[in-house]
Amino acid sequence: GGTGTNKVINYPTGTDSSFVTNGFAVGDYVDFNTSLNAARWTISSLETDSSGREILTLFGPVEIKEENLKGTKVTNSIY
């Protein structure tokens, strides 16, 4: 969780769910279609911290609202 406009999403990733491994880069976009977030955000920064967690900074039309998506299937595609 987080406060303000900075949000932290912390979950384990593997090669099947990693943004970096799947070839995402700055300038690509991510579509969300959940109950609280339904819009397109552009990746403005993508890095990995010292613990191996991916840190994704997104720019979009509205602020991303925090929600619990535990157990939700995530599908990623590169456009």
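The values are calculated or read from the model by the stated rules, or taken from the named source; none is laboratory data. What you are looking at is a predicted structure, and each value in this text was computed from that prediction instead of being measured. Every residue, glycine as well, gets a Cβ built from its backbone with ideal geometry; the counts of neighbours run over all protein chains shown. In case anyone asks, the SASA skips ligands and DNA or RNA and just uses the protein heavy atoms, side chains included. Shrake-Rupley method; radii C 1.70, N 1.55, O 1.52, S 1.80 Å.
Considering only residues that are under 14 Å from S18 (Cα atoms) and either touching a Pro at 6+ places or on another chain (Cβ under 7 Å) or assigned to a strand (DSSP E or B) (or both), which ones fall in region 44-79? Matches in region 44-79: L46, E47, T48, E54, I55, L56.
Once region 14-60 is narrowed to residues that are open to solvent by 70 Å² or more (accessible area, probe 1.4 Å), closer than 18 Å to T72 by Cβ and among the polar types (S, T, N, Q), the residue that is modelled with the highest pLDDT is S35.
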